1. Considering only lysines 8 or more places apart in sequence, or on different chains, count the pairs in the stretch 32-292 whose C-alpha atoms sit under 25 Å apart.
2. Pop a pseudo-label 7 angstrom from the Cα along the beta-carbon direction at both Ile98 and Glu154 and give the gap in nm to one decimal.
3. Report, in deg cm²/dmol and to the nearest 500, the calculated mean residue ellipticity at 222 nm for the chain, where each DSSP H run with n ≥ 4 adds -39500 (n - 2.57) and the sum is divided by the residue count.
4. Suppose we look only past 24 Å in the calculated P(r) of the stretch 162-263. What percent of the Cα-Cα pairs does that tail hold?
5. Taking a ≥ b ≥ c as the square roots of the eigenvalues of the Cα gyration tensor of the stretch 8-148, is the shape rounded (a/c under 1.5), prolate (a/b larger than b/c) or oblate?
6. Can you give the translational diffusion coefficient of the stretch 229-296 in µm²/s, computed by Stokes-Einstein from the Kirkwood radius over Cα pairs at 20 °C and 1.002 mPa s?
7. At a 10 Å Cβ-Cβ cut-off, how would you order Asp71, Asp281, fewest neighbours first?
8. Multiply the residue gap between Met135 and Glu207 by 0.36 nm, knock off their C-alpha separation, and tell me the result in nm, one decimal place.
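Rule-based calculations on the coordinates, nothing more; no lab input. Source: prediction; values computed, not measured. Cβ placement follows ideal geometry from the backbone for every residue including glycine, while neighbour counts extend to all protein chains displayed.
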Amino acid sequence: MIPPEWDDTPIADAARRAARIQNPDRLTLARPPRTRRITIANQKGGVGKTTSAVNLAWALALHGLKVLVVDLDPQGNSSTACGAEHRIGTPSSYELLIGEKSPAEVIQGNPENENLFCIPATIDLAGAEIELVSMVRREYRLCDALSPSYLEREGYDYVFIDCPPSLGLLTINAMNTATEVLIPIQCEYYALEGVGQLLNNISMIREHLNPEIHVSAVLLTMYDARTKLSEQVASEVRNHFGSAVLENQIPRSVKVSEAPGYGKTVLQYDAGSRGALAYFDAAVEFAERGDYLPLPETAPIGVAPELRTGSSN
Ligand SMILES: Nc1ncnc2c1ncn2[C@@H]1O[C@H](COP(=O)(O)OP(=O)(O)O)[C@@H](O)[C@H]1O
Ligand SMILES: [Mg+2]
């Protein structure tokens, strides 16, 4: 039963939000004026890139928005969570990058969510970094295949590109296909390690390859309210990135870590869990505030030296 609006206890509030997840027809979110193309990047592994890509995508798809997840990580974790086939030989992002297949041949639908689509990654992608080196327009292979006009024509509202934990050619291809970068930052020791390098790379890509690319959101993940450390990292990140950081942060939650084991997003696995609700709210916030263009003087180009080593000191 959905609690009445006058009941403003946290439990009632959580129950109402969970009910919204389970009854998506009751929801709407405005379509963005153009397809929003977002790269999820952080060269650190295990910070929540994949989890964020699939859960934000799933949440927006529940709102009736047409969403595409592009898996550019050979591990294929976002393909698994999106319920996409990704055994060896499955037409995937690899064939798209090397120009062997068209988008229509590699995009898969989702049996449980008609608005969610996925370009899976197979292990073939593991060799792509090297194969791409000798190819023409090696930095633009993905963008050439998955052009903005194609995405517009197909009616996609959001495209999330899940990157591998490196700053190689796959990530560069992702950044040249997107205009926005969403950086997930784990509320842990050394959270900001490497973020300076990521920001420098984004600046370089903006200067030389894709003038439109910019950081449009920073998402704090695995926030543990019981530790002082999480709080410290969160406030350092907020100080540094200002309003680029989404208000909604994702708590560390067992349900979030269990969901991939079932080939599901946490929104499917346990809609009422704190993790699911947090992703749901973060997705709404990300959609409602639109593309966030930092002012040039606040653009996070470099990271202050004291942040380079993370929050451990
Ligand atoms: N909020 C969270 N709470 C608990 N575990 C999480 C959370 N977010 C991610 N995880 C787990 O942490 C691991 C790394 O997350 P993942 O999204 O795969 O990171 P990345 O793609 O950056 O390598 C996974 O096992 C995932 O299930
Ligand atoms: Mg990943």
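1. Pairs that pass both the separation and distance tests number 11.
2. 2.1 nm
3. -11000 deg cm²/dmol
4. Within the stretch 162-263, distances greater than 24 Å cover 31 percent of Cα pairs.
5. Note, shape of the stretch 8-148 comes out prolate.
6. The diffusion coefficient I find is 160 µm²/s.
7. Asp281, Asp71
8. The span from Met135 to Glu207 would gain 23.7 nm if fully extended.
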